[in-house]
Every structure is written in C-alpha cells, then in structure tokens.
Amino acid sequence: MWTHEEAIETSASPARVWEIFADVARWKDWNAGIETIQIHGPFAVGTTFTMQPRGQDAINSTLIEVKPDAGFTDETVVDDTRVTVSHKLVPLPSGNTKIIYSTEIIGPGAAEFGPMVTGDFADVLANLKKLAEQQ
C-alpha cells in the first residue's frame, strides 16, 4: 500500500470549493493534467466518470463517497491496482477552508505508480485555490 496527502488553505468557503468540485466538466480548467473528462450521471455516489490524462489512455473512475460542502472520494481500478483519492473540505476557525487530497493505492507497483498519480497535486490545489478565490 502507498499513501500520500497534499493540502492547501483557501479563503474560499467550503460551499464555493464544492461548486467547483461538482462541475466535473470544468475540472480541466484548473487541473492541467486532464485532457478530457466526462461524467456519466449526477455528482453522486455510484456515478462514474471517464478522464483522459494528457498523453495517456482514458481511465474510468467511480464516485464512492459524496458529501456536499464536505468532500468526495473517487476510486479507479486498473488491472489489480486500486487508487482511491479523497478530496476533503475542512472549515477552519479563521473562516478559511483547508482542502486536503488524500491518496491510497493498493496493488502491484503501488509505490512506483503513486508519484505519477499525485505528482501534480500541489499545482492542482494551487490552481483550485486561485479559481475558488476569484469569485
């Protein structure tokens, strides 16, 4: 098993960040690693989405937890490897919000695969923060 956590603090409210999370079609606006993305239903538990990272084959993921204004978790299974990414929104006493991406990878080659999955998370979170704070 391989795990990783990345976080950033924003002045945006959890509700504002949630609006951005729930608009899956626009994830590529703040996640440069996404070439194309399509959700196959509502932003709810059990819904799948297809994402094509730049220069790679498309992958299918499933929303396995969805809590409005609090976060969501998606799961991607490729062969015998399972990648779970939790996107949490934590309100802080200052009025700010902490955005936390927690990743767990289980399966063959998890330690090698992990850095490829999470390598751009700092940039993704910085872009998400910038977008959330614009409005």
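The values are calculated or read from the model by the stated rules, or taken from the named source; none is laboratory data. Predicted, not measured: the structure shown is a model, and the values here were computed from it. Positions of Cβ are generated from backbone atoms using ideal geometry, with glycine treated the same way; all protein chains shown enter the neighbour counts.
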Requested in this report: Would you point out the residue of region 19-69, among those that are closer than 23 Å to residue 105 by Cβ and of a type in the set (Gly, Ala, Ser), that is surrounded by the fewest Cβ atoms within 10 Å (Cβ to Cβ)?
Outcome: 55
Report task. Might you check whether a residue that is buried (at least 18 other Cβ atoms within 10 Å of the Cβ), modelled with pLDDT under 95 and within 15 Å of residue 2 (Cα to Cα) occurs anywhere in region 115-135? Result -> yes
Requested in this report: Identify, by number, the condition in (1) without any contact (Cβ under 8 Å) to a residue 40 or more places away in the chain; (2) closer than 28 Å to residue 133 by Cα that residue 7 doesn't meet.
Outcome: (1)
Query raised in the report: Does residue 7 count as farther than 23 Å from residue 108 by Cα, modelled with pLDDT of 95 or more and more than 13 Å from the chain's Cα centre (by Cα)?
Result: no
Query raised in the report: Within region 88-108, which residues are without any contact (Cβ under 8 Å) to a residue 40 or more places away in the chain and surrounded by fewer than 13 Cβ atoms within 10 Å (Cβ to Cβ)?
Result: 93, 94, 108
Report task. Would you confirm whether any residue within region 13-34 is farther than 28 Å from residue 94 by Cβ and of a type in the set (Lys, Arg)? Result -> yes
